[in-house]
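J.: Quick one: the structure is below, questions incoming.
No value in this document is a laboratory result; all are computed from the given coordinates. Fair warning: this is a prediction, and the values are worked out from it, not measured in the lab. Cβ placement follows ideal geometry from the backbone for every residue including glycine, while neighbour counts extend to all protein chains displayed.
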Amino acid sequence: MSNEKEKMVELDVEKINIVDKEGNLRMTLFNSDRIPDPIIDGKTLTRSGIIPGSGMLFYNHDGDECGGLVFGSRTYTSEEFDGKYAGKTESMASLTFDGYKGDQVIQTYFHENTLGDRMYGNVLYDRPSGVTRARMDRSQDGSVGVKLADSKGQERIRLLIDANDVPVLEFLNEKGEVVYSLPPKD
């Protein structure tokens with residue numbers, strides 16, 4: 001292998017693996033057909049998700065996936081969902097950082113479709129439970145807010161501006177029932 005640099009004006013590839021000098025994978029860039037399955041604790045698992053995504057994944061010194069940036073879109077065909085969404089599109093983007101030998105603990109995301117759904121924000125997850133503990137996002141109902149959850153994933157505090165631009169602060173019990181609200185509920 002030569003130590004000389006080579007300059008190219010343009011390069012077309014479907015996947016690029018960035019490796020260290022020993023050949024260990026450190027990052028990969030890929031198109032939607034070449035997205036690799038996740039590697040956690042040395043085991044290759046099956047990737048889930050229905051929107052094909054392109055992007056890049058990061059790997060730690062143990063060879064485990066430790067985060068990435070994935071983005072994509074799709075148009076539904078008449079063969080999917082009994083044709084209910086034929087011709088409709090959706091798109092998404094997600095930047096994640098994973099816990100050591102685990103799944104994502106931080107996620108910044110965006111998701112929208114031509115059915116009118118539009119959500120984006122930041123999420124913190126507890127691991128290994130997968131429980132969502134905090135969100136700062138725009139919800140499907142049009143509200144924008146911060147939501148904090150207990151160790152079981154139950155929202156307990158919501159601070160938001162609703163779709164009508166009304167500020168709301170809510171405290172919830174362990175059943176998800178509002179027990180105190182500013183402004184007070186009628």
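J.: Given the peptides 177-186, 86-95, arrange them by the average over their residues of other C-beta atoms within 10 Å, most packed first.
T.: Ranked from most to least packed, the peptides come out as 86-95, 177-186.
J.: Could you calculate the FRET efficiency of Gln154 with Lys21 from 1/(1 + (r/R0)^6), where r is the beta carbon distance between them and R0 is 45 Å, rounded to 0.05?
T.: It comes to 0.40.
J.: What's the long-distance tail for the stretch 59-143, i.e. % of Cα pairs beyond 22 Å?
T.: It works out to 41 percent of all Cα pairs.
J.: Share of Cα-Cα pairs in the chain beyond 20 Å, in percent?
T.: Distances greater than 20 Å cover 66 percent of the Cα pairs.
J.: Measure out, as a whole number of angstrom, how far apart the alpha-carbon centroids of the stretch 5-21 and the stretch 161-176 sit.
T.: Cα centroid to Cα centroid, the span is 49 Å.
J.: Could you sort 129-136, 78-85 so that the peptide with the highest average Cβ count within 10 Å comes first and the rest follow in order?
T.: Listed from highest to lowest mean packing, they are 129-136, 78-85.
J.: Tell me, what is the percent relative contact order of the chain, built from C-alpha pairs under 8 Å that lie six or more residues apart?
T.: Value for the chain: 9 percent.
J.: Work out, step by step, the length gained on full extension between Lys88 and Asp126: first 0.36 nm times the residue separation, then minus their alpha carbon distance; give nm to one decimal.
T.: This chain segment gains 10.3 nm when fully extended.
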